[in-house]
1. Would you kindly find the accessible area of E82, with a 1.4 Å probe and non-protein molecules such as ligands, DNA and RNA excluded, rounding to the nearest 10 Å²?
2. With a cap of 11 neighbouring Cβ atoms within 10 Å, and only residues DSSP puts in a loop, list the trypsin sites (Lys or Arg not before Pro) found in segment 1-85.
3. Given the pairs K166/K243; K83/K243; K166/K227; K55/K95, which span a C-alpha to C-alpha distance of over 31 angstrom in this model?
4. Quick one: putting +1 on the C-beta of Lys and Arg, -1 on the C-beta of Asp and Glu, what dipole do you get for segment 94-196 around its Cα centre, in Debye to the nearest 20?
5. How do S96, S127 rank by accessible surface area computed with a 1.4 Å probe, from largest to smallest?
6. Please report the Cα spread of the chain along all three principal axes, rounded to whole Å, starting with the longest.
7. When the accessible area of the chain is computed with all protein chains present and a 1.4 Å probe, what percentage of it is carbon and sulfur?
8. Over the chain, give the accessible area per residue in Å² for a 1.4 Å probe, as an integer.
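The values are calculated or read from the model by the stated rules, or taken from the named source; none is laboratory data. Worth saying up front: this structure is predicted, and the values here are computed from it rather than measured. Heads up, the Cβs are rebuilt from the backbone with ideal geometry, glycines too, and the neighbour counts pull from every protein chain shown. Note: accessible area is taken over every heavy atom of the protein model, side chains too, but ligands, DNA and RNA are not part of it. Shrake-Rupley method; radii C 1.70, N 1.55, O 1.52, S 1.80 Å.
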Amino acid sequence: MQIRLDKLLADCGYGTRSEVKNKIRKKEVTINGTIAVKPEQKVNPGTDSICCGGKRLVYEPFSTFLFYKPAGCVTARTDKKEKTVMDYFPDSMRKSHVPVGRLDKDTEGILLITNDGVLNHRLLSPSYHVDKTYYAIVDAPVPEEAAEYFLKGVDIGDEKPCLPAKLEILPQTAEHSVYAAKLTICEGRFHQVKRMFAAAGCKVLHLKRLTFAGLTLEGLEKGSYRKLTEEEVADLMQMASLKNERD
Ligand code: URA
């Protein structure tokens, strides 16, 4: 497979097209030991040895990123009016990568971005029971009984009730004076968390996804992202029963 050098570097997360062109201009990139001069040069990532800043590029056909979505942007590839989550990534990734599921415009928190279609599909499928934990601030005290209803599978007006979900009502303290709770669900229905709290008589005022499949936002600033490590990808593959299928 032949691919433009600048595209390959951008796809592998070395920066935007113009950033990687800069690296090539600064002679930071070599192909089979020879300094690369043309960003448009075609290379074969399977057979050519490409180094950037002295480190050999590992070409992976699939890559998954963990993004800290801020509130105020929509979960879409492109949008005529609104800022999208993909606006935070290099342009080259807009065509190849997509968000795993969606967070509402006013929701912040963890969002995976991938070019692995099968993994994406499985992480969203309720059959694979991938847990997501949300922190919600609501407008009224969450009734104690809600924990039991949610665990049994609450009816939010869909054809079927929700799958069992775990609710932890957070105590009100001087430092944390709001009505708040953590909710762990393993599906991704439309506005699910807001609708579940509505079924318990509460309106969600603020929503943040804290975890997705065991991954957290630790070390990330709002609006920033990082590539998943090999171990993290292996864990996701395991969860999605893809490990053996692809080995
Ligand atoms: N549930 C919601 O209601 N909104 C989100 O953004 C995510 C889950």
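1. 60
2. Numbers: sites: R4, K7, R17, K21, K23, R25, K26, K27, K42, K55, R56, R77, K80, K81, K83; in loops: K26, K27, R77, K80, K81, K83.
Hits after loop and neighbour filter: K26, K27, K80, K81.
3. Values: K166/K243 28 Å; K83/K243 35 Å; K166/K227 29 Å; K55/K95 26 Å.
Going by Cα-Cα distance, K83/K243 fall outside the 31 Å limit.
4. On the way: 13 positive and 15 negative charges, 120 e Å.
For segment 94-196, the charge dipole is close to 580 debye.
5. Details: S96 45, S127 90 Å².
Correct descending sequence by accessible area is S127, S96.
6. Computed over the Cα atoms, the extents are 68, 39, 34 Å.
7. 51
8. Values: 13350 Å² over 247 residues.
Spelled out: the 1.4 Å probe surface of the chain, per residue, equals 54 Å².
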